[in-house]
1. Considering only the range 49-65, how many residues are part of a helix (DSSP H, G or I), under 16 Å from Pro24 (Cβ atoms) and touching a residue at least 12 places away in the same chain (Cβ under 8 Å)?
2. If you check Ser11 against the conditions, is it in a helix (DSSP H, G or I), of a type in the set (Ser, Thr, Tyr) and either loosely packed, with under 12 Cβ neighbours inside 10 Å or in contact with an Asp or Glu (Cβ under 9 Å, 6 or more places away or on another chain) (or both)?
3. Would you confirm whether any residue within the range 44-52 is more than 10 Å from the chain's Cα centre (by Cα) and either surrounded by 15 or more Cβ atoms within 10 Å (Cβ to Cβ) or aromatic (Phe, Trp, Tyr) (or both)?
4. Kindly list the number of the only condition in (1) among the hydroxyl-bearing types (Ser, Thr, Tyr); (2) in contact with a helix residue (DSSP H, G or I) (Cβ under 8 Å, 6 or more places away or on another chain); (3) surrounded by fewer than 17 Cβ atoms within 10 Å (Cβ to Cβ) that fails for Tyr22.
Amino acid sequence: MSEVAILRYRSALKLKAEQEKYWPAVANAFRALAREPEITEAAVRRFAPAVSPLLATLDDNQRQVAMSIAQRAGLSQYASMF
C-alpha cells in the first residue's frame, strides 16, 4: 500500500471535520500493515484498534466506500473484525 493509495482512500471517504482527527491513526495502521511480510488475521487484529474509532463515525455512504477500500486492499475477509 503506497502513500498515494492512502491519500486516495482518505479522499474517497470524504471525511467530515470531526472525523479527520481519527485519520492519522488509520493511515499509520495502513502503513504498518504494508510493512508486514504477510497480512494475517493476527496482523489485522493488532491494528484494528487504530481503525475502529474512525469506522464507528462513518455514515452509510462512507461505510460502503470503506468496504470497497478493504476489498481493494485485500482486507475484505477481515471486515467482520471491525
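The values are calculated or read from the model by the stated rules, or taken from the named source; none is laboratory data. Note that this is a predicted model, so its numbers are computed, not measured. When we count neighbours, we look across all protein chains shown, and the Cβ atoms used for this are built from the backbone with ideal geometry, even at glycine.
1. Applying the first criterion (part of a helix (DSSP H, G or I)) to the range 49-65 yields 49-55, 60-65.
Those still in the list that are under 16 Å from Pro24 (Cβ atoms) too: 49-55.
Imposing the further condition that a residue be touching a residue at least 12 places away in the same chain (Cβ under 8 Å) reduces the set to 50-55.
Summing the residues that are part of a helix (DSSP H, G or I), under 16 Å from Pro24 (Cβ atoms) and touching a residue at least 12 places away in the same chain (Cβ under 8 Å) in the range 49-65 gives 6.
2. yes
3. Scanning the range 44-52, I find at least one residue that is more than 10 Å from the chain's Cα centre (by Cα) and either surrounded by 15 or more Cβ atoms within 10 Å (Cβ to Cβ) or aromatic (Phe, Trp, Tyr) (or both), so the answer is yes.
4. Here Tyr22 clears every test but (3).
Here is a yes/no grid of residues against (1) farther than 14 Å from Met81 by Cβ; (2) polar (S, T, N, Q); (3) modelled with pLDDT of 95 or more:
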residue	(1), (2), (3)
Ala12	yes, no, yes
Glu18	yes, no, yes
Pro24	yes, no, yes
Arg31	yes, no, no
Arg45	no, no, no
Gln62	yes, yes, yes
